[in-house]
Amino acid sequence: MKYFGALRSDLKRLFCGSNFYLAWLMAAAIAFFNIWPELQVSGLPLSVYYLLSARGGIGAFLMAMTVAAVLPYGFCHREDLRHNYIHCLESRARGTAVGWAHVTAAAAGTFLAVFLGYLTCYGLLALRLPLITELELSQITDGRGYEGWFYYGRPLFYFLSVFISEGMGYAFLAVFALMVSARVRNAFLVLSAPVMLYYGSQFICGALQLPGIFHWYNVLRRGGLFAYYMEDGRLALLMTFLYFFSLICIEGLIFTRWAERRRKNG
């Protein structure tokens, strides 16, 4: 069993378990409660676009979302070690193949859980509210409604862009937790690792005045420098996807090396 065999096993384990579907519901619920204060304000011409744009700060929201992000498959390596399942896997495939299958399943599971969670939340809201008002559409078209993300003339493209970018961003955080699990056994530390990464990245980027390419948390929420400098929304979305894909690959390299070293050293 090589990489694709190991991946098939991981995906079956992912979608046959309850954690993925629980994370899906958690992502939808967290997204809804994040906009709940806006829904309570009367007299505003609410739209799905307005609610998505007026969400609360990313700090507390990210702390809740990282739980949903790590839940689908971020603990898979830790569970394999606890139940000695890792020996069964590595008897049928090389350790690197098993490791990359874990990385792929963790990233894919988190991306789908977050994407489908947002789609569920805002899709249900779209049954009662307009996607976007004519005033908001005219402001975006005239360039007065710029909010740090890209818009390609179609409301659905804007929503899908936000869902995809945040899905990829949380997939990056889930794989970071998976990477940490190769060195840390404590479940609480593994779960809190993405939050520490978020605040640590903010502190380091601010203290060292690093350029925007290092501000992954801005790319996650607002498109970062890609949305700011690229006029073509399709290119900005592609660059955002490739940006987080590259970070996930780097995490995968570190994870497989740490896991292999831990396997050899016992």
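Derivation of every value follows stated rules applied to the coordinates shown; laboratory data play no part. In this text, all values refer to a predicted model and were calculated from it rather than measured experimentally. With ideal geometry, Cβ positions are generated from the backbone for all residues, glycine too; neighbour counts draw on all protein chains shown.
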Among 228-239, 197-208, the order from most to least packed when residues are scored by Cβ within 10 Å on average = 228-239, 197-208
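Mind checking the full-extension length gain between residue 203 and residue 249? Use 0.36 nm per residue of separation minus the Cα-Cα distance, one decimal, nm.
Computed gain between residue 203 and residue 249 is 14.2 nm.
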Phi-derived 3J(HN,Hα) across the stretch 30-41 with the Karplus relation (6.51, -1.76, 1.60, θ = phi - 60°), rounded Hz, x for Gly and Pro, is 5, 4, 5, 5, 5, 9, 4, x, 5, 5, 7, 7
Relative packing of peptides 177-185, 213-221 - highest average C-beta neighbours within 10 Å first | 177-185, 213-221
